[in-house]
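Working notes for the structure below.
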Amino acid sequence: MSLLKPFAKLPELNTANVLLVDSEDTFQHVLADAIVQQKNNVNVNVRLARSLPLPAENEDSRPRIDLVVLILHLRSELSLSSAETSLKQLDPDYFLGKVCFVVTGARCASVPHERMAAVRKLATSLHCPLLFTEEQTAEGINTAACRVLNILRVSAGLVPMATGLSLFSLIRSTLPPDLDYQD
Amino acid sequence: MGRRVVQIHFLFLSAVVCYAMEERDSASATPRGKAPSNQSRKSYGRSRRSLGVELTNIGFTPGHLAGLRAPTSRELPKPRNLTEHVNPEQIALLVKNEWKLSYITPLYQFRHTQLKTYSKQLSAFIAAEKQQGLAVEIEADTSFRVTFSAVLGLAETEDDAETVFIQIHSRPPFAVEGDAPKVIWSGWLTCINGNPEYLRSLPSGFVCLPLFCTSGSESLTSVVKLWFEKTFDCNFGTLSLNSTCLQWLASMWTGCHPAFNIRYLKLVWNLPAQPPLDISYTIHPQDAWDLWNSIREQDSAADTISINEVESFMKGLEAHFFRHFRIYLSAGTLTKVSTTFGSAHCDGKIKFTSGDSIKHVLMLLTEYALLKMPI
């Protein structure tokens, strides 16, 4: 099992591949369906994984992954810790424009503040964008799929004059000033 | 038509706590001396506590400022006898029921000297609501008697207001004269060791008693809340305890095991499986104490615990469970913690079974109530 490397394989024509990493099933599948059903003029392949590293058996048949989306559920501590272990299995080149975080359950009242603060700090330290989604309504899922698709197009190089790195320098998450001074 | 008997029973007076008004200096509260200028304020309601820096909300409560963060270390309950300070009968009142928690915003012009008037007004209000046919589902002829009393000795610092205890007694119409009236609803407002900066920054005329505990029927609770809102211009909201709060309680109670002997430590988790799974995990107190001891760093002070120790303690318990049952407890939510000191449920219910450690639990709950309040 090796690190997932972004430039180890050749790209395919007019195709974009996204990998959704999530420790729980339901939202992952629903988001994947929504992404595939969005109207677009490129072929989008969505691959699903529970955690990284990916199994070595599929190494040859796997295409080049253009965007790795880590899904975090704030309601469970487990998804945060498994995402952190998965991050260690990514090649550092991915963090230059090919990793993004999707967070669900941010409006839930029972989520402790510390978890949200930890997620923000993680995303900021990795210079990745942080997208918040509403997972329980169809509209929310469609919006999330649309946003992920937009980022995917840029990361796959299908948008002229924009690269993943330039986009991320505009949309990456930053810490609010009061979090900076916490502990 | 039955005669409406309204009686006031007045128990105790306490001195009004005066708040010194301090001019809120934004430079002292802004960390690292950043110069705030033209930045939009996101706090709801331009309260005096809003600083000049832009605030984005981490949680869902707006307007929460740098001054009020959840503390990272707390005191352990010492084996101090509460009856030295508080009347034992009043402690008995507090440990009897299971309380449902809410937070209240500061009360405008609440005077501890006017408790008798308040009793009268609240009885009249309940009777009026009953007459309008709203909400109260008790037999038509019962009369209500409301008692406001002050529980002295619970307040920890000078800034805390005294705890106020409210009881509603009912007397059925055909009762014999010697019958004791039954308490059908009780509630209390308290503030124990509230954040002193916040308390001092309130404008004069406001009394802060952020924690409101009720026990009794929902309809009476809503009538009482309505009266408070009308009289003191305040707002209520439910205080649900999140998993961090329950973890603090579990660690605090375990940490005082040698002094008090908790007889068990029981944690209940709810896992989002299909169908949802409830796991109740009971730990022998000596084992819990051994684990807790091994986690405490060597040089930590004997009576404070920090958030890191709490997290390691919970991780240890979850790892042990995983080793035996292959279930990740962290995928679910902690819903209930109980020991012989009492139990706490994540929906905002708390029950004290003994008078020890009430103060420390109330300190924790007051902090959470202050954190959760929208202003």
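The values are calculated or read from the model by the stated rules, or taken from the named source; none is laboratory data. Model, not experiment: these values are computed from the prediction. Positions of Cβ are backbone-derived with ideal geometry, glycine not excepted, and every protein chain shown enters the neighbour counts. For the accessible areas, the whole protein counts, side chains as well, though only heavy atoms, and no ligand, DNA or RNA atoms are used. Shrake-Rupley method; radii C 1.70, N 1.55, O 1.52, S 1.80 Å.
The one condition from (1) free of Cβ contacts under 8 Å to residues at least 60 places away in the same chain; (2) within 30 Å of A:P11 (Cβ to Cβ); (3) open to solvent by 40 Å² or more (accessible area, probe 1.4 Å); (4) of a type outside the set (S, T, N, Q) that A:A138 does not meet is (2). Taking every residue in segment B:204-233 that is of a type in the set (K, R) and open to solvent by 30 Å² or more (accessible area, probe 1.4 Å) and pairing it with any residue that is in a helix (DSSP H, G or I) and modelled with pLDDT of 85 or more, at least 6 positions away or on another chain, the pairs with Cβ-Cβ distances below 9 Å are B:K230/B:F125. If the condition is being polar (S, T, N, Q) and loosely packed, with under 14 Cβ neighbours inside 10 Å, then segment A:1-37 contributes A:S2, A:N14, A:T26, A:Q37. Here is a check on your reading of the model: is B:V310 under 19 Å from the mean Cα position of the chain (by Cα) and aliphatic (A, V, I, L, M)? No, not satisfied. Applying the criterion of at least 2 residues that are on the phi < 0 side of the Ramachandran plot and open to solvent by 60 Å² or more (accessible area, probe 1.4 Å) to the helices (runs of 4 or more DSSP H) found wholly in segment B:265-375 leaves B:285-295, B:307-325. Scanning segment B:271-280 for residues that are modelled with pLDDT of 90 or more and of a type outside the set (D, E, K, R) turns up B:I279, B:S280. Listed conditions (1) touching a residue at least 40 places away in the same chain (Cβ under 8 Å); (2) out of contact with any strand residue (DSSP E or B) (no Cβ under 7 Å at 6 or more places or on another chain) are all met by B:F321, apart from (2).
Would you check if B:L364 is within 14 Å of another protein chain (Cβ to nearest Cβ) and among the hydrophobic types (A, V, I, L, M, F, W, C)? In short, yes. Taking segment A:39-88 as the range and being part of a loop (DSSP other than H, G, I, E, B), away from chain B (no Cβ under 14 Å) and open to solvent by 60 Å² or more (accessible area, probe 1.4 Å) as the test, the residues that pass are A:K39, A:N41, A:E59, A:D60, A:S61, A:K88. Within segment B:71-104, the residues that satisfy the criterion of being modelled with pLDDT of 85 or more and surrounded by 19 or more Cβ atoms within 10 Å (Cβ to Cβ) are B:W99, B:K100, B:L101, B:S102, B:Y103, B:I104.
In segment A:160-183, which residue that is more than 19 Å from the chain's Cα centre (by Cα) and within 14 Å of chain B (Cβ to nearest Cβ) is modelled with the highest pLDDT? Among them, the one singled out is A:P176.
Set side by side, the residues B:I262, B:I192 differ, and just one is outside any helix (DSSP H, G or I), hydrophobic (A, V, I, L, M, F, W, C), over 28 Å from A:V111 (Cα atoms) and more than 14 Å from every other protein chain (Cβ to nearest Cβ), which is B:I262. Looking across segment A:146-176, the residues that are under 22 Å from A:R120 (Cα atoms) and charged (D, E, K, R) come down to A:R147, A:R172. Selection over segment A:110-135 of residues that are closer than 25 Å to A:L96 by Cβ, more than 8 Å from chain B (Cβ to nearest Cβ) and open to solvent by less than 60 Å² (accessible area, probe 1.4 Å) gives a count of 11.
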